[in-house]
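The values are calculated or read from the model by the stated rules, or taken from the named source; none is laboratory data. In this text, all values refer to a predicted model and were calculated from it rather than measured experimentally. Positions of Cβ are backbone-derived with ideal geometry, glycine not excepted, and every protein chain shown enters the neighbour counts. The area values use the complete protein model at the heavy-atom level, side chains included, leaving out ligands, DNA and RNA. Shrake-Rupley method; radii C 1.70, N 1.55, O 1.52, S 1.80 Å.
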Amino acid sequence: MKNVKRVDIIFGAYTQEKYKVLEQALKKSSDQIISEVIESGLKGRGGAGFPTGLKWKYTAQEKELVKYVVCNADEGEPGTFKDREILTRVPRKVFSGMAMCGKAIGAKKGYLYLRGEYLYMLPELMEELELFHNSVKEFNFDFKIEIAMGSGAYICGEESALFESIEGKRGEPRNKPPYPTVSGVFGKPTVINNVETFVNTMMIMRLGVDEFKKLGTSDSRGSKLFSVSGDTPIAGIYEIELGMSLQDFVDEFGDGDTKAVQVGGASGFCVPRKKFKDTIIGFEGVPTGGSMMLFNSSRSMYNVLKNYVEFFEEESCGQCTPCRVGCQQLKKGIEAVKKGEKSAAYLVTLQKLADTMKISSKCGLGQSVANSFSSIVDNFKEEMIY
Amino acid sequence: MPEIKELVKGLADKHGRGRESLIPILQGIIAEERYISDAAMSEVAVELDMSAALVYGTATFYSFLDTEPRGKYVIRICKTITCDMKGKKQIVKTLEDLLKIKVGETTKDNKFTLLETNCLGWCHKGPAMLINSIPYDTLDVNKVTEIIMDYIRK
Ligand SMILES: Cc1cc2nc3c(=O)[nH]c(=O)nc-3n(C[C@H](O)[C@H](O)[C@H](O)COP(=O)(O)O)c2cc1C
Ligand code: SF4
């Protein structure tokens, strides 16, 4: 029996009439849209997994005249490339989701924040955008989308840093609260969702809540795009129902010699072979924005960890000390242990540092360094030393 | 420098002169000049009526808003682990040999700058690189040589 259930909905063909699903959705009331999205159980696809319907509801409740919809297409997590594929193949579904959100919360303007690495996609996106603007005008709905380009900063995927960047500032995360639903871009109530999340909201409209809920498990509704890379004969993007075990995943995608899978990118967790069977991929187990990197037994997990720590060191915005200095020290520390300048016991000190970063860093970047650090050091200690 | 003045003015006319126009304007300078010189930053500050320190602070935050001279073609090779596993080091060496520069350097004729960057989003087709804004994936020694030869002839 196949335990990895592939589906093909996200990239499914457009309706024959342009923007038909959106046109029908716009006939529903704001309350109706929000209750359907809540009822579907959809959780955000950007990694954190916040219930999408609730986010929309909270923003709808704010009594400001100006509100915004923001689509997060910063996709900087190492090992993720699904949002690029969505925006290349089915941008219409993304724009539709943003417009429907606009209707639900009472916003007239949306931003698509596209990472600088994807600048080459801009001409085609602008073409589709023109079509979109013409269509919403025909539907008598007042909603405009603007594309804001990033410029090579991973931290701008963090929602409040992304807002700062749209406002023309350094991409430094803000303190929370206030949350975006209250004060987002330009200080106004804002819904920010991942590219895939917006597509999912349109899937709910197209399939209906009941059909959508049949996909996945009770904790993880729907299907998910996985970006599969590393030691696999079939690297690529796959749409799979959530809730499978990592063992099932490895049976499908591994090269027969998989020793570890990094689930969720550099800020995610490393799962070693002996834990494949007991690890569920989904919000009830190990969540992921979709990044799945496979490593076989020829790979040095020290190199993998060092690559991740260097990534964080470079991409830390430098605003708060635990993260800025912590990343530097973690990198120096593992190098010193590897060279034998420090004893193996020093790894415990470094893990304490990573734990301190988890509780004292200002944003998700510094807070999640410990995920990969501890899971790799714990499971592959001998590779860190020898 | 009159050309920079013209360029900045044109970009400000296009994008507006508010704070939220700053990054699009800086990106516009990059598209034309490949880097943002001190003179360009001062010009932006005057045009948008803000301090030069603010312009500098913003520009230097973003890795694609280069503030050091760059060649006409900026090559950025992905150094994330998945591209590394697929032979990125060999690609870097090939490029260094072809262009006779090291990572971080610019050729004497100001035509190429060679840089490394974090995940480009082509992990399933590594190794990957960007030349200005164009991505190239599944690189091997032959392919990358051909690509660079094309640019050399341009
Ligand atoms: C350092 C950091 C980087 C992030 N990068 C992204 C990203 O590239 N894309 C994304 O959708 N969310 C990213 N997020 C999560 C966003 O802050 C936010 O939670 C998400 O866009 C919400 O959308 P969702 O509810 O649809 O998942 C990042 C978070 C952190 C802390
Ligand atoms: S945790 Fe790191 S990235 Fe986040 S605000 Fe602090 S220094 Fe910046």
Can you tell me which of B:Lys102, B:Lys111 is touching a strand residue (DSSP E or B) at 6+ places or on another chain (Cβ under 7 Å), open to solvent by 20 Å² or more (accessible area, probe 1.4 Å) and more than 14 Å from every other protein chain (Cβ to nearest Cβ)?
B:Lys111
Looking at (1) open to solvent by less than 10 Å² (accessible area, probe 1.4 Å); (2) over 18 Å from the mean Cα position of the chain (by Cα); (3) not assigned by TED's automatic domain parsing to the domain that holds A:Lys331, find the lone condition where A:Leu305 falls short.
(3)
Tell me, please, whether a residue that is in contact with a Phe, Trp or Tyr (Cβ under 9 Å, 6 or more places away or on another chain), within 18 Å of A:Phe226 (Cβ to Cβ) and surrounded by fewer than 16 Cβ atoms within 10 Å (Cβ to Cβ) can be found in region A:46-64.
no
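Here is a yes/no grid of residues against (1) in a loop (DSSP other than H, G, I, E, B); (2) within 14 Å of chain B (Cβ to nearest Cβ); (3) within 16 Å of ligand 1 (Cβ to nearest atom):
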{"site": "A:Asp278", "(1), (2), (3)": "yes, no, no"}
{"site": "A:Glu284", "(1), (2), (3)": "yes, no, no"}
{"site": "A:Phe295", "(1), (2), (3)": "no, yes, no"}
{"site": "A:Val309", "(1), (2), (3)": "no, yes, yes"}
{"site": "A:Phe312", "(1), (2), (3)": "no, yes, yes"}
{"site": "A:Gln319", "(1), (2), (3)": "yes, yes, yes"}
{"site": "A:Cys323", "(1), (2), (3)": "no, no, yes"}
{"site": "A:Cys327", "(1), (2), (3)": "no, yes, yes"}
Please specify each residue of region A:276-320 satisfying the condition of being within 16 Å of ligand 2 (Cβ to nearest atom) and within 18 Å of B:Glu116 (Cβ to Cβ).
A:Tyr308, A:Val309, A:Glu310, A:Phe311, A:Phe312, A:Glu313, A:Glu314, A:Glu315, A:Ser316
Residue in region A:343-352 that is within 16 Å of ligand 1 (Cβ to nearest atom), in a loop (DSSP other than H, G, I, E, B) and either modelled with pLDDT under 95 or out of contact with any Leu (no Cβ under 9 Å at 6 or more places or on another chain) (or both) present:
no
Evaluate the following for A:Glu124: is it within 12 Å of ligand 1 (Cβ to nearest atom), farther than 20 Å from A:Ser40 by Cβ and open to solvent by 10 Å² or more (accessible area, probe 1.4 Å)?
no
Return yes when B:Leu120 is within 25 Å of A:Val309 (Cβ to Cβ), under 17 Å from the mean Cα position of the chain (by Cα) and touching a residue at least 40 places away in the same chain (Cβ under 8 Å) and no when it is not.
yes
Residues satisfying the stated conditions in region B:16-55, i.e. facing another protein chain (nearest Cβ under 9 Å) and charged (D, E, K, R):
B:Arg19, B:Glu20
Residue that is of a type in the set (A, V, I, L, M) and over 22 Å from the mean Cα position of the chain (by Cα), where the choices are A:Ala73, A:Ala99, A:Ala48, A:Ala104
A:Ala104
Is it the case, given these coordinates, that A:Lys362 is over 28 Å from A:Val250 (Cα atoms), of a type in the set (Lys, Arg), away from ligand 2 (no atom under 16 Å from the Cβ) and in contact (Cβ under 8 Å) with a residue 40 or more places away in the chain?
no
Test result for A:Ala60, away from ligand 1 (no atom under 14 Å from the Cβ) and touching an Asp or Glu at 6+ places or on another chain (Cβ under 9 Å)
yes
Name every residue in region A:321-352 that is within 16 Å of ligand 2 (Cβ to nearest atom) and either in the same structural domain as A:Tyr154 (by TED's automatic domain parsing) or of a type in the set (Lys, Arg) (or both), in order of residue number.
A:Arg324, A:Lys331
Only one of (1) charged (D, E, K, R); (2) within 14 Å of chain B (Cβ to nearest Cβ); (3) not in a loop (DSSP other than H, G, I, E, B) is not met by A:Lys338, so which one is it?
(2)
Considering only region A:48-103, state which residues are more than 23 Å from A:Val182 (Cβ to Cβ) and within 16 Å of ligand 2 (Cβ to nearest atom).
A:Gly76, A:Glu77, A:Pro78
Kindly check whether there is at least one residue in region A:33-45 that is over 23 Å from A:Ile240 (Cβ atoms), open to solvent by 100 Å² or more (accessible area, probe 1.4 Å) and either touching a helix residue (DSSP H, G or I) at 6+ places or on another chain (Cβ under 6 Å) or assigned to a loop (DSSP other than H, G, I, E, B) (or both).
no
Mind listing whichever residues of region A:270-284 are within 16 Å of A:Met244 (Cβ to Cβ) and of a type outside the set (A, V, I, L, M)?
A:Lys275, A:Phe276, A:Lys277, A:Asp278, A:Thr279, A:Gly282, A:Phe283, A:Glu284
Among the residues of region A:251-268, write down those that are among the hydrophobic types (A, V, I, L, M, F, W, C) and either assigned to a helix (DSSP H, G or I) or surrounded by fewer than 23 Cβ atoms within 10 Å (Cβ to Cβ) (or both).
A:Phe253
From the option list A:Tyr58, A:Tyr68, A:Tyr120, single residue qualifying as assigned by TED's automatic domain parsing to the domain that holds A:Phe143 and farther than 22 Å from A:Ile155 by Cα is A:Tyr58
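One line per residue, one yes/no per condition, for (1) under 30 Å from A:Ile234 (Cβ atoms); (2) of a type outside the set (A, V, I, L, M):
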| site | (1), (2) |
| --- | --- |
| A:Ile280 | yes, no |
| A:Phe283 | yes, yes |
| A:Thr288 | yes, yes |
| A:Phe312 | yes, yes |
| A:Gly340 | no, yes |
Which of the numbered conditions does A:Ser372 fail, given that it passes all the others? Conditions: (1) away from chain B (no Cβ under 12 Å); (2) part of a helix (DSSP H, G or I); (3) within 15 Å of ligand 1 (Cβ to nearest atom); (4) of a type in the set (S, T, N, Q).
(1)
Pairs only if they're at least six apart or on different chains, beta carbon under 6 angstrom, first in region A:69-80 and assigned to a loop (DSSP other than H, G, I, E, B), second of a type in the set (Val, Ile, Thr) and open to solvent by less than 10 Å² (accessible area, probe 1.4 Å); list them, first residue then second.
A:Pro78/B:Thr80
